[in-house]
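I have a structure here, written as structure tokens, and I will follow up with some questions on it.
The values are calculated or read from the model by the stated rules, or taken from the named source; none is laboratory data. Computed from a prediction, not measured in an experiment: that's the story for all the values here. Here the Cβ positions follow ideal geometry from the backbone for every residue, glycine too, while neighbour counts run over all protein chains shown. When the accessible area is computed, the model is the full protein with side chains, heavy atoms only, and any ligands, DNA or RNA have been set aside. Shrake-Rupley method; radii C 1.70, N 1.55, O 1.52, S 1.80 Å.
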Amino acid sequence: MAIYLTYLDFELEIGAGDGPDYPVTVVRSPAGEARSVMRRPFGELALEERLKDLQIALLRSGNLRRQIPSPEEATVQRFGNALFDALFTGEVRSRYDVSQELANQQGKGLRLKLRVQPPSLAALPWEFLYDPRGAEYICLSRNTPVVRYLELSQPIQPLAVTTPLRILGMVVSPTDLPLLDVHVEKERVERAVQALRKQGLVELTWLEGNTWRDLQRAMRSGPWHIFHFIGHGGFDHQRDEGLVSLADPDGRAHFFNATDFGRLLADHRSLRLVLLNACEGARGGVNDIFSSTAATLVRRGLAAVVAMQYAITDTAAIEFAQMFYESLVDAMPVDASVAEARKAISFALTHSLEWGTPVLYMRAPDGQIFVVQSTLEQSQPIQDAMEPPDQTQDVTPVERPLLDVAPSKEVASIIVPAFNRSAHAPSAPRPEPKLHLPIQFDWMIIPEGEFLLGSDRLQDTLAHDDEMPQHQLYLPEYRMARTPVTNAQYKRFVDATDYPPPTHWLHGLIPEGKEHHPVVYVSWHDALAFCDWAGVYLPSEAEWEKAARGTRGCIYPWGDDEPNENLCNFDMAIGDTTPVGQYPDGSNPYGLLDMAGNVWEWTISLWGKDGRNPEYGYPYIPTDGRENLAAGNTVLRVLRGGAFFNFDNQVRCAYRYANEPTYRDDNVGFRVVG
């Protein structure tokens with residue numbers, strides 16, 4: 001991995017103004033806070049003319065190969081200089097200069113975070129800020145990346161990713177808009193990531209289809225880390241909102257507003273970055289700073305979005321994508337990766353000004369959206385997590401009931417052999433029984449008998465193909481914890497075993513006030529290690545679903561009524577996890593809580609290697625290998641229950657989601673059976 005800079009933040013906020021004057025505040029900097037007043041450098045008519053000149057200069061510069069600065073570059077320099085002089089005045093400029101010096105002394109970069117409140121100013125191309133004292137554009141240096149920073153209430157933590165980074169690509173060329181050469185567009189992106197793919201660092205998958213249904217289906221199949229979109233964009237002035245063109249079933253343009261597009265993408269929590277190669281993806285309106293497609297996506301929960309504020313040539317787009325993805329794989333922060341990609345355009349295309357066309361919107365405070373590890377780097381911790389706990393731990397293994405199926409008198413059951421867990425357990429011996437479990441759980445008894453597993457579209461219109469056919473399955477009696485494992489319970493495990501705490505626990509401490517929230521940022525291996533220590537187990541898919549819905553096939557734990565804010569934590573109603581047991585009205589007949597929403601819950605069951613199509617489908621046959629604990633990290637494991645950001649569809653009892661067993665996120669936890 002490359003060695004990259006760490007950054008100090010110079011955070012500037014431009015507030016709402018009166019006439020041509022706007023308050024500017026240094027919210028945070030190494031040199032302290034400051035206030036000043038910015039006077040808009042151009043009147044409205046003059047600004048309109050300057051922006052037209054700028055756009056023309058950009059378009060012309062894409063084809064320039066001159067060896068001396070062109071008139072086009074001089075136009076952009078004058079514009080960027082005027083922006084710089086207007087923004088950095090008085091004490092603000094002094095704080096900026098001192099902050100740069102302090103960053104240099106510490107061997108760090110200085111990240112310029114722009115928080116622009118007036119929509120009319122947010123629409124300006126701040127990426128062209130030009131400091132005449134150094135005769136350089138600020139954002140062309142990796143030492144001073146420029147970020148459109150959107151401070152929102154939901155915290156963003158970096159996602160732990162084992163290479164390859166998984167990119168979902170989509171090219172949409174409706175028949176009634178200027179046609180794109182789909183083959184050529186795909187080839188350009190493939191050329192940009194060719195070397196990375198050969199090294200196994202990036203995996204690029206092209207979406208077959210160009211409708212919203214195709215995209216929704218693909219997002220379910222993930223996990224995806226990056227979405228790369230190529231197509232047409234626009235701006236709806238009546239609604240003051242960005243647009244992205246998908247296609248209808250007949251191939252004609254179907255313009256999706258930014259809100260709906262965000263709803264399609266933001267529900268996929270492993271997705272941290274969107275690259276929009278579509279005209280006006282970064283264009284905003286004059287009434288709302290969140291009106292652009294890019295800003296709307298960040299508002300919906302994505303960590304970072306790179307979009308284009310003007311048209312960009314194919315050559316520049318390839319140079320940008322190649323260096324951008326290389327830098328991300330090298331574990332650089334996303335803003336530093338954008339700065340590297342800007343420089344690549346400026347070096348490869350002499351005197352081109354298109355490096356200023358990409359705009360980065362970000363809400364990850366430090367720019368770190370991924371914690372990237374290679375497969376080799378990840379393998380050792382995984383092995384450690386699979387090893388049994390220290391033999392001195394006070395653990396009593398609980399005898400696990402076997403799955404079985406018996407015929408129903410009312411419905412024809414699918415008969416399968418009993419599942420023998422010991423045949424699939426890791427080869428490492430379990431510790432000798434002790435007298436006491438280290439943690440006491442609030443157990444609910446799930447009685448033996450048959451239940452309906454899966455979905456029937458006649459009863460549930462939201463059912464998915466991988467939930468069918470619905471069938472009867474018999475399970476012996478078992479017990480399940482009333483709520484997911486909490487931070488406080490997991491802390492006892494961490495303290496007793498010196499197991500690494502979740503990455504967001506600063507200095508190994510539970511986030512303040514979240515002792516009774518479900519533990520998150522835990523992988524399947526982490527959950528398994530906890531279970532080995534506590535003498536309990538992760539549930540199978542079948543055990544989880546029966547415990548959630550009871551015997552008569554309820555759509556939701558409480559019955560068939562749609563979820564609401566009194567029944568579960570879903571649909572970003574709160575925007576974060578809640579303490580366990582906060583929704584007693586959402587209890588099910590067995591007394592279990594939080595079976596819908598709050599956090600996804602790991603199961604032991606396998607899905608398969610293809611995120612779109614389960615290798616282990618229905619009917620549910622426990623002896624077909626789906627409960628193999630030693631299947632490896634390339635096979636996805638099933639999670640159930642939905643999380644705080646999911647819609648009603650994903651919090652259904654029968655909904656199946658899968659991800660890599662190394663996956664960690666702020667919405668993934670687990671509960672146990674005994």
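Exactly one of (1) closer than 19 Å to residue 111 by Cβ; (2) open to solvent by less than 20 Å² (accessible area, probe 1.4 Å); (3) of a type outside the set (Gly, Ala, Ser) is unmet by residue 354. Its number?
Just one mismatch for residue 354, condition (1).
Check 122, 103 and return the single one that is farther than 30 Å from residue 199 by Cα and modelled with pLDDT under 85. Before the answer, list the steps.
Details: 103 fails: modelled with pLDDT under 85.
The conditions single out 122.
Condition check: in contact with a His (Cβ under 9 Å, 6 or more places away or on another chain) and under 28 Å from residue 298 (Cα atoms). Does residue 145 satisfy that?
Numbers: in contact with a His (Cβ under 9 Å, 6 or more places away or on another chain): no; under 28 Å from residue 298 (Cα atoms): yes.
No; evaluated as a whole, the condition is false for this residue.
Just for the stretch 59-100: of the residues that are open to solvent by 60 Å² or more (accessible area, probe 1.4 Å) and polar (S, T, N, Q), which one is modelled with the lowest pLDDT?
Restricting to residues being open to solvent by 60 Å² or more (accessible area, probe 1.4 Å) and polar (S, T, N, Q), the top hit is 67.
Now for a separate question. Can you pull out every residue in the stretch 296-309 that is in contact with a helix residue (DSSP H, G or I) (Cβ under 8 Å, 6 or more places away or on another chain), open to solvent by less than 30 Å² (accessible area, probe 1.4 Å) and not β-branched (Val, Ile, Thr)?
Within the stretch 296-309, the first condition is being in contact with a helix residue (DSSP H, G or I) (Cβ under 8 Å, 6 or more places away or on another chain), and the residues that meet it are 296-297, 299-307, 309.
Those left that are additionally open to solvent by less than 30 Å² (accessible area, probe 1.4 Å): 296-297, 301-307, 309.
Selection gives 297, 301, 302, 303, 304, 307, 309.
Further, regarding this structure: Could you grab me the full set of residues in the stretch 311-347 that are touching a residue at least 12 places away in the same chain (Cβ under 8 Å), open to solvent by 10 Å² or more (accessible area, probe 1.4 Å) and over 23 Å from residue 186 (Cβ atoms)? Explain how you work it out, then say what you get.
Taking the stretch 311-347 as the starting set, the residues that turn out to be touching a residue at least 12 places away in the same chain (Cβ under 8 Å) are 311-346.
Retained after the next criterion (residues that are open to solvent by 10 Å² or more (accessible area, probe 1.4 Å)): 311-315, 317-319, 322-323, 326, 330-332, 340, 343-344, 346.
Scanning the stretch 311-347 gives 330, 331, 332, 340, 343, 346.
Residue check: is residue 284 outside any loop (DSSP other than H, G, I, E, B) and either open to solvent by 20 Å² or more (accessible area, probe 1.4 Å) or modelled with pLDDT under 85 (or both)?
On the way: outside any loop (DSSP other than H, G, I, E, B): no; either open to solvent by 20 Å² or more (accessible area, probe 1.4 Å) or modelled with pLDDT under 85 (or both): yes.
No: the conditions fail for residue 284.
Now for a separate question. Just checking, which of 558, 524, 544 is touching a Pro at 6+ places or on another chain (Cβ under 6 Å) and modelled with pLDDT of 95 or more? Can you show your working first?
Details: 558 fails: touching a Pro at 6+ places or on another chain (Cβ under 6 Å); 544 fails: touching a Pro at 6+ places or on another chain (Cβ under 6 Å).
Sole residue among the options that is touching a Pro at 6+ places or on another chain (Cβ under 6 Å) and modelled with pLDDT of 95 or more: 524.
Could you tell me which residue of the stretch 535-554 is surrounded by the fewest Cβ atoms within 10 Å (Cβ to Cβ), considering only residues that are part of a loop (DSSP other than H, G, I, E, B) and under 27 Å from the mean Cα position of the chain (by Cα)? Full working, then the answer.
Quick first cut of the stretch 535-554, residues part of a loop (DSSP other than H, G, I, E, B) only: 535-536, 538-540, 550-554.
Among the residues that remain, those that are also under 27 Å from the mean Cα position of the chain (by Cα) are: 538-540.
On the way: 538: 22, 539: 26, 540: 24.
Checking each candidate, the answer is 538.
Cβ-Cβ below 6 Å, separation at least six or inter-chain, first residue in the stretch 181-201 and free of Cβ contacts under 8 Å to residues at least 24 places away in the same chain, second part of a loop (DSSP other than H, G, I, E, B) and open to solvent by 50 Å² or more (accessible area, probe 1.4 Å): which pairs?
Nothing qualifies.
Could you check the stretch 76-129 and list, in sequence order, the residues that are closer than 21 Å to residue 360 by Cβ and of a type in the set (Lys, Arg)? First the steps, then the outcome.
Narrowing the stretch 76-129 to residues closer than 21 Å to residue 360 by Cβ: 76, 79-80, 83-84, 87-88, 96, 99-100, 103, 108-129.
Result: 108, 111, 113, 115.
Against the definition (surrounded by fewer than 19 Cβ atoms within 10 Å (Cβ to Cβ) and closer than 30 Å to residue 26 by Cβ), how does residue 117 come out, yes or no?
Values: surrounded by fewer than 19 Cβ atoms within 10 Å (Cβ to Cβ): yes; closer than 30 Å to residue 26 by Cβ: yes.
So residue 117 passes the test.
Taking the stretch 10-25 on its own, how many of its residues are surrounded by fewer than 17 Cβ atoms within 10 Å (Cβ to Cβ) and within 22 Å of residue 103 (Cβ to Cβ)? So that I can check it myself, show each step before the final result.
From the stretch 10-25, those surrounded by fewer than 17 Cβ atoms within 10 Å (Cβ to Cβ) are 15-16, 18-21, 23, 25; that's our starting set.
Narrowing further to those that are within 22 Å of residue 103 (Cβ to Cβ): 25.
Residues in the stretch 10-25 being surrounded by fewer than 17 Cβ atoms within 10 Å (Cβ to Cβ) and within 22 Å of residue 103 (Cβ to Cβ): 1 in total.
Among the strands (runs of 3 or more DSSP E) lying completely within the stretch 439-516, list those that include at least 1 residues that are open to solvent by 60 Å² or more (accessible area, probe 1.4 Å), β-branched (Val, Ile, Thr) and under 30 Å from residue 662 (Cα atoms). Let's see the steps before the verdict.
On the way: elements: 443-446, 449-453, 471-475, 478-481.
Qualifying strands (runs of 3 or more DSSP E): none found.
Which one is farthest from residue 618 (Cα to Cα), of the residues in the stretch 527-541 that are touching a Pro at 6+ places or on another chain (Cβ under 8 Å) and not aliphatic (A, V, I, L, M)? It would help to see each step written out before you state the result.
Restricting attention to the stretch 527-541, the residues satisfying the condition of being touching a Pro at 6+ places or on another chain (Cβ under 8 Å) are 529, 532-535, 540.
After this cut, where a residue has to be not aliphatic (A, V, I, L, M) as well, the list is 532-533, 535, 540.
Details: 532: 29, 533: 32, 535: 30, 540: 14 Å.
The extreme case among them is 533.
Report, by residue number, each residue of the stretch 74-85 that is within 16 Å of residue 123 (Cα to Cα) and more than 36 Å from the chain's Cα centre (by Cα).
Once the filter is applied, which keeps residues that are within 16 Å of residue 123 (Cα to Cα) and more than 36 Å from the chain's Cα centre (by Cα), the stretch 74-85 yields only 82.
This table checks each residue for (1) touching a Lys or Arg at 6+ places or on another chain (Cβ under 8 Å); (2) modelled with pLDDT under 80.
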| residue | (1), (2) |
| --- | --- |
| 303 | yes, no |
| 308 | no, no |
| 314 | yes, yes |
| 327 | no, no |
| 330 | no, yes |
| 338 | no, no |
| 341 | no, no |
| 344 | no, no |
| 351 | yes, yes |
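List pairs: first residue in the stretch 483-510 and farther than 22 Å from residue 595 by Cα, second residue open to solvent by 50 Å² or more (accessible area, probe 1.4 Å) and of a type in the set (S, T, N, Q) anywhere in the structure, Cβ distance under 6 angstrom, at least six positions apart or on different chains.
Between residues of the stretch 483-510 that are farther than 22 Å from residue 595 by Cα and residues that are open to solvent by 50 Å² or more (accessible area, probe 1.4 Å) and of a type in the set (S, T, N, Q), the close pairs are 504/157.
Name the single residue, out of those in the stretch 496-535 being among the aliphatic types (A, V, I, L, M) and touching a helix residue (DSSP H, G or I) at 6+ places or on another chain (Cβ under 8 Å), that is farthest from residue 223 (Cα to Cα). Break it down into steps so the answer makes sense when it comes.
Kept after step one, since they are among the aliphatic types (A, V, I, L, M), are these residues of the stretch 496-535: 496, 506, 509-510, 519-520, 522, 527-529, 534.
If we keep only those that are touching a helix residue (DSSP H, G or I) at 6+ places or on another chain (Cβ under 8 Å) as well, we get 496, 510, 519, 522, 528-529, 534.
Details: 496: 33, 510: 27, 519: 21, 522: 16, 528: 21, 529: 23, 534: 30 Å.
Checking each candidate, the answer is 496.
Look at residue 55 and say whether it is closer than 29 Å to residue 318 by Cα and either touching a Pro at 6+ places or on another chain (Cβ under 9 Å) or modelled with pLDDT under 85 (or both). Give the derivation first.
On the way: closer than 29 Å to residue 318 by Cα: yes; either touching a Pro at 6+ places or on another chain (Cβ under 9 Å) or modelled with pLDDT under 85 (or both): yes.
Judged against the criteria, residue 55 is a match.
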